[in-house]
Every structure is written in C-alpha cells, then in structure tokens.
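Peer 1: I'd like to ask you about the structure that follows.
The values are calculated or read from the model by the stated rules, or taken from the named source; none is laboratory data. Note that the structure is a prediction, hence the values are computed from the model and not measured. Backbone-built Cβ (ideal geometry, glycine too); neighbour counts: all protein chains shown.
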Amino acid sequence: MADDVSPAKPKRGFQTRMSHTGRATKQQYGFVNPPLLRGSTVLYPTMADRKALGAKRGERALTYGIGGSQTHWALEDVIAEVEGGTRCAIVCSGLAAVTTPLLAFLKAGDHCLVPDSVYGPARNFCDSLMTRFGVETTYYDPCVDEAGTAALMRPNTTVVYTESPGSHTFEVQDIPAIARAAHAGGAKVLMDNTWGIHYFQPFKHGVDVSIQAATKYPAGHSDVLIGSVTVNSNADWQTLHATVRALGQYASPDDCWLTLRGLRTMAVRLKAQMEAGIEVANWLSHRPEVLQVLHPALPGAPGHALWKRDFTGACSLFGVVFKPEFSVESTHAFVEALELFGIGASWGGFESLALPTTGFLTRTAGSGTFPGPLVRLHIGLEDVGDILADLEQGLAVMRAFGR
C-alpha cells in the first residue's frame, strides 16, 4: 500500500496570502476576522497547568497579557508572511522595532555600523543610550560596497545596520554585498525594511533581522503606532524574544487588531500607491523647477540599478531636489500652498504628505549632500490628476515666492 503523502500546498499570490493568513477561514464557524482579545491576568485550572505553560518560553502560550494572545499571534503570522521570515515579534512602535533588536544583539564593548542615512531617531538612540551602554557606533556611507564594508569591520563589530532606501534621501544599499562582508566578520545584519515592505524579501538577500514600522503600510490609515521585528532562524528568535520580554515590549491588542485589518487591503493599496507614486515622480522629473527626483524606481535616479536587481516594486515615498536657484524658504511656501498634501513626518497612509527636509537631517559621514533644497513626498490614494493639479499650483506659488 502506497504511503499516504499529503500534496504540497500551492504557493498562493500575495493578495491571497494577505486575505487568508492569520485567520481560520472556513475551518472555523463564526466571524471572518479573528477576535479582539484584551486582558492582563490569565487563569489556570491547576498548578500543573500553570507550571507547564510557564515553561514554554519563546513559544505561544497564554501566560500573562504581556506575552500576547491570539490577536497578537495572528498579526505576527501575517507580518512574517510579508517579510518571508519564520517568527515575528510585535512591538509598540516603529522606533521600538529599531531599538529592541539593537539591544538584543549588542552588548557593552561591541561596535555597530550604521548607515549615515539612517532614520533620525535611530541615530539618536545610538548616540545616546547605546553610547551610555558601552556600544560604539560608526556611521558609514550608505552606498558602500563589499570591500568598503569589510574595511569598516572590527573584531568587535557585532551588528551591521542597514536601511534601504534611506527614508529621506533614498540611497539604495547593496544589501547582499554588505551582508557578505558582515557575515564574514561574524556580525548580524539588521535592516529597516519599511520602504521595501513585500517588494524586498530581506532573508533572500542576507538579512538576519528585518524591521518594519508597521504604523505605515500595514496599518495604513494613520491611526495606529506599531512595529514588528522578524527573524528567520530559531537562534535569532530566542535572542530577540528574550529581549522583547525583558523590556516588557507590548503592543495594544486594539492596535494589533486594527493593523491586522489594514493588512487585509495592503496589497491593493501598495499597488495603487506605487503606480501613482511613479507617475507623479515621472511628472516632476520633467518640471523646470526640479533638478532631480530621488525615486529608486525611476530610470536614471540614484540607486535604480540596485533597485531593479533586488526589488519587485516600490512604495509611494520619494524625494525631490529642486534647482539651486530656489531657496529653502520657497520650498516651505510650496508645501504650505498644497491643498491635498498634509505637512507631516510619517508616510504609508492613505493620504498624501509633503515635508521639506533640507536643514532637518543629520549626517556625519559625508553623505546626503545635494545642490538644491529637498522636499519629501508621500503619494496617497487621491486621484492622480488631482495630485498633479495640486502640485502645479504649489509650484506656481514657489516660483512667485522668489529665488
């Protein structure tokens, strides 16, 4: 009698996986979405049950509210699916998703490499708490190659941090090359993959720990603060999970539930916003006021070749470098004149945003210099024709402001 071999499950498309991962579907009688579970104290039938559950460290068990529940675990499953990893920890914010793995994989006496284009609060964390804890940080040119990374490595370099593209000046890093040099030196590779969510599969390119500000595209509606940290090995999970628990990291189940709801539509939002973002970026690249558009998916833009090699798509955040004859103040007048764009620091929601960045960025390794002033744009779900008309009238105000 032939062995009973279950057929392999087919690899479903991204939209299908976002619709079905983390919920019981037709196997469970009841509502479509998993329940929202709030709670702190967990009750046990017997002491033996309490002892058995308490022994399951790093595993899913209802032990106390801070350990999570089915609401948290469903979200972790979907984020792990997005990132292509095995285990995910949900934390309270995007910044917590940055700081928690740094604390997990670094200790006093270690050295960390961080790109000069890194998210500002991540730099602040390295320059303050990590310095106080005895960790030294070196900021490097984000466009470094494999040999350049190897030259920066020290015997005590434990973490090489990456962020690609940089979320203000959009340098695309050669992650596979950096990872090879980092691993050769015994270091872990951490990556802020918020811009590349879904479109960059980190663990296929040598990343050990992937960070998401899930506030942005997963939540998608500018009403939740939440973050995620995903790994792809059991050893890294044990290290990360121990630190998550030691820090008391926790995300509200209400925020987890809202983020899970946002993820159900993320695939279609990402696609629509990618297409709109590329259309707007291309339109701006032909404007007489614009020197350069910093959108990796745009042919001729910095980092386009690496983006084309490693990414399968693009998100809706990019930068615009205006010609040097325009002042920083004129770019402020430009964004203030926009009617459909809010002036805000986040991105990934349904609404368009504009933010002047010249004068607000810290760089110490010589990167991020441009001849003219910069504005960062996030393209939302408004009609593209309306967005272009709004930008047109904003540019007219900028021209009239004076140079």
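Peer 1: Failed condition for Ser117, given (1) within 26 Å of Pro302 (Cβ to Cβ); (2) out of contact with any Pro (no Cβ under 6 Å at 6 or more places or on another chain), with all others met?
Peer 2: (2)
Peer 1: Same structure, new question: Taking region 135-165 only, how many residues are among the hydroxyl-bearing types (Ser, Thr, Tyr), under 18 Å from Leu102 (Cα atoms) and out of contact with any Ser or Thr (no Cβ under 8 Å at 6 or more places or on another chain)?
Peer 2: Matching residues across region 135-165 total 6.
Here is a yes/no grid of residues against (1) over 22 Å from Phe170 (Cα atoms); (2) part of a loop (DSSP other than H, G, I, E, B); (3) at pLDDT 95 or above:
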site: Thr100; (1), (2), (3): yes, no, yes
site: Leu103; (1), (2), (3): yes, no, yes
site: Lys107; (1), (2), (3): yes, yes, yes
site: Ser117; (1), (2), (3): no, yes, yes
site: Pro121; (1), (2), (3): no, no, yes
site: Thr131; (1), (2), (3): yes, no, yes
site: Thr137; (1), (2), (3): no, no, yes
site: Ala150; (1), (2), (3): yes, no, yes
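Peer 1: Using the structure shown, decide if Gln273 is surrounded by 20 or more Cβ atoms within 10 Å (Cβ to Cβ) and closer than 20 Å to Ala213 by Cβ.
Peer 2: It is true that Gln273 is surrounded by 20 or more Cβ atoms within 10 Å (Cβ to Cβ) and closer than 20 Å to Ala213 by Cβ.
Peer 1: A further question on this structure: Please work out if Ala61 is surrounded by fewer than 19 Cβ atoms within 10 Å (Cβ to Cβ), more than 30 Å from Thr357 (Cβ to Cβ), hydrophobic (A, V, I, L, M, F, W, C) and in the same structural domain as Tyr199 (by TED's automatic domain parsing).
Peer 2: Answer is yes for this residue.
Peer 1: Does at least one position in region 56-76 carry a residue that is at pLDDT below 80, farther than 21 Å from Ser233 by Cβ and among the charged types (D, E, K, R)?
Peer 2: No, every residue in region 56-76 fails to be at pLDDT below 80, farther than 21 Å from Ser233 by Cβ and among the charged types (D, E, K, R).
Peer 1: If you don't mind, another one. Quick check, is Arg269 among the basic types (Lys, Arg) and farther than 30 Å from Leu102 by Cβ?
Peer 2: The answer is no for Arg269.
Peer 1: State the number of residues belonging to region 303-332 that are assigned to a loop (DSSP other than H, G, I, E, B), in contact (Cβ under 8 Å) with a residue 60 or more places away in the chain, farther than 12 Å from Gly402 by Cα and in contact with a Gly (Cβ under 8 Å, 6 or more places away or on another chain).
Peer 2: The total comes to 4.
Peer 1: Tell me the residue from Phe125, Phe105 that is surrounded by 19 or more Cβ atoms within 10 Å (Cβ to Cβ), in contact with a helix residue (DSSP H, G or I) (Cβ under 9 Å, 6 or more places away or on another chain) and free of Cβ contacts under 8 Å to residues at least 40 places away in the same chain, please.
Peer 2: Of the residues listed, the single one that is surrounded by 19 or more Cβ atoms within 10 Å (Cβ to Cβ), in contact with a helix residue (DSSP H, G or I) (Cβ under 9 Å, 6 or more places away or on another chain) and free of Cβ contacts under 8 Å to residues at least 40 places away in the same chain is Phe125.
Peer 1: Filter region 207-224 for residues that are over 18 Å from Leu102 (Cβ atoms) and crowded, with 19+ Cβ neighbours inside 10 Å and give the result.
Peer 2: Within region 207-224, Thr215, Lys216, Tyr217, Pro218, Ala219, Gly220, Val224 qualify.
Peer 1: Also, quick follow-up: Taking Leu260 as the residue in question, decide whether it is in contact (Cβ under 8 Å) with a residue 40 or more places away in the chain, farther than 29 Å from Val172 by Cβ and either touching a Gly at 6+ places or on another chain (Cβ under 9 Å) or of a type in the set (Asp, Glu) (or both).
Peer 2: yes
Peer 1: Filter region 344-403 for residues that are touching an Asp or Glu at 6+ places or on another chain (Cβ under 6 Å) and in a loop (DSSP other than H, G, I, E, B); which is modelled with the highest pLDDT?
Peer 2: That would be Gly380.
Peer 1: In region 79-95, what residues are crowded, with 23+ Cβ neighbours inside 10 Å and either assigned to a helix (DSSP H, G or I) or not assigned by TED's automatic domain parsing to the domain that holds Asn33 (or both)?
Peer 2: Ile79, Val82, Glu83, Gly94
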